[in-house]
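Q: To start, I am sharing the structure in question, which I have written as structure tokens.
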Amino acid sequence: MREAADIASPPAASAASPLLAAWSWYVRLTARWPAVRSLVPFVPVVALWWIVAEAGVFPRAFFPSPPDVSRTFVSLIEKGILPEYLEDSVVRLLVGTAAGMAIGIPLGLLVGLSSRAYKALWPIVLFFQAIGDIAWLPILLIWFGFGLTTMTFVIVYTVMFPVIFNTVLGVRSVPTDLRRAALSLGAGRFALLTEVMLPGALPNIMTGLRNGLGYGWRALIAAEMIVGTSGIGFLMFDARRAGSVVEIVLGMIVLGILWYIVDSWILAPIERATGQRWGLTTR
């Protein structure tokens, strides 16, 4: 019996060895390129999508397969359409975000630091925050027409409010003891603002910027669909007119991938680093 068990054990070990080798290869690969780890959850999604498309559950014109989307991606890249539209969308987002921060951060600091400003401005901020960005499009079209100004206004309006709210929260989260300590050491108003209040509020400001960018990205796509003449949103809406579902799916994938890269590889690390550097933590 013992000899039989010894004879049976090598095949089990040999069957497990490919799995161990694959796992070891995966560990080495993700250690060298950590970004690969983020692609793994999408493998079963793409596999299921491919299986359903190839099974013919839906007509291919209404439910394209991954190879169909890949060919369309290559075609739009070669024609220069996708890079141009993507550049237009990114530039619009950056311009709108910069303007939203330029308005939101000072306004948030003012409201957070001054009780008079809070009483005067906070009801107005809440009122306009309740009005969705898309609700402005009809009147913006009358004022500015179909153009960059309309889309920039929508982005600024969307980004501004999360930045304001989180800046106010950050300012009010700074402990009173730190303010008193700085004042007791002779700090003036400007030094108190730049060396205590602003650094203390910085982690919350970064959180507001991250949220505002996410909302602004979605608002931009909606605005491009309605009033745009270029951009990823316009690409998807124009594909609807032509009945090209594959271009719509491609636009959705590009939107998801681009935002995942921006949020996971740029904004999230900056937010963590800001919290570690400036976060007000106690041990």
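Every number here is computed from the coordinates shown, using simple stated rules; none is lab data. Values in this document were obtained by computation on a predicted structure and should not be read as measured data. Don't worry about glycine lacking a Cβ; one is built from the backbone with ideal geometry, like all the others, and counts go over all protein chains shown.
Q: Using the Kirkwood formula on the Cα atoms of segment 65-163, what hydrodynamic radius do you get, in angstrom to one decimal?
A: 16.1 Å
Q: Take 152, 167, 229 and order them by how many other Cβ atoms sit within 10 Å, fewest up front.
A: 229, 152, 167
Q: Would you kindly calculate the translational diffusion coefficient of segment 96-228, applying Stokes-Einstein with the Kirkwood radius from alpha carbon pairs, for 20 °C and a viscosity of 1.002 mPa s, and quote it in µm² s⁻¹ without decimals?
A: Translational D for this selection: 136 µm²/s.
Q: Report the full-extension gain for the segment residue 183 to residue 115: residue separation times 0.36 nm, less the Cα-Cα distance, to one decimal in nm.
A: That works out to 22.6 nm of additional length.
Q: Provide Rg and Dmax in Å for segment 219-279, with only Cα atoms included in the calculation.
A: Cα radius of gyration and Dmax of segment 219-279 are 16.0, 51 Å respectively.
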